[in-house]
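What follows is calculated from the coordinates using simple rules that are stated; it is not laboratory data. Predicted model only: the values in this text are computed from it and were never measured. Please note: Cβ atoms are built from the backbone with ideal geometry, for glycine as well, and neighbour counts cover all protein chains shown.
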């Protein structure tokens, strides 16, 4: 009989092969002429997507603007409605909240859709935790573990992509695996 550690390790490893639909929201492609900070923010979002695809081989990891996701919302009027449809079909929405668009999505979806609150995890710069003022009212709808802070060093050293986003996704994958 396997010991507890071995069995737990097997479950954790097996959870990485769960089929998950993951949306990574955050800064969009600013283009080649954009300031370096905007390019760096978008590259971090790309890195998160790549890391999750590698670590969770059966996961479908997309941005809302990916062609596949745009196609599922064909004919729907309004960007927020399109993104709501995409989010509704996702298992996890991982939000890199460092752009105005991500902030607007968070402000709209969290208070509007109870089902969204169960799926979203927010990666937020540490200096904004705990949220204050009006922002706090939005974050009050989420559980504390759904808001994950990161330092500037975490951002630069890839910890946001290789550890924090992986840890969040592993938790969602394990929940799905354990419900079977």
Subset tally (residues that are loosely packed, with under 15 Cβ neighbours inside 10 Å and either touching a helix residue (DSSP H, G or I) at 6+ places or on another chain (Cβ under 7 Å) or part of a helix (DSSP H, G or I) (or both)) for segment 21-39 = 3
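Tell me which helices (runs of 4 or more DSSP H) are completely within segment 91-180 and hold 2 or more residues being out of contact with any helix residue (DSSP H, G or I) (no Cβ under 8 Å at 6 or more places or on another chain), at negative phi and surrounded by fewer than 20 Cβ atoms within 10 Å (Cβ to Cβ), or say none if there are none. Steps first, answer last, please.
On the way: elements: 100-112, 114-117, 133-139, 152-156, 165-178.
Result: 100-112, 133-139, 152-156, 165-178.
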From the option list 68, 18, 7, single residue qualifying as outside any strand (DSSP E or B) and crowded, with 19+ Cβ neighbours inside 10 Å is 18
Taking segment 143-159 and keeping residues within 12 Å of the chain's Cα centre (by Cα) and within 15 Å of residue 127 (Cα to Cα) leaves 147, 148
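Of all residues in segment 71-90, how many are farther than 25 Å from residue 142 by Cα, free of Cβ contacts under 8 Å to residues at least 12 places away in the same chain and in a helix (DSSP H, G or I)?
Step one: of segment 71-90, the residues farther than 25 Å from residue 142 by Cα are 71-78.
Next, only the ones that are free of Cβ contacts under 8 Å to residues at least 12 places away in the same chain stay: 71, 74-78.
Narrowing the set further to residues that are in a helix (DSSP H, G or I) leaves 71.
So the answer is 1.
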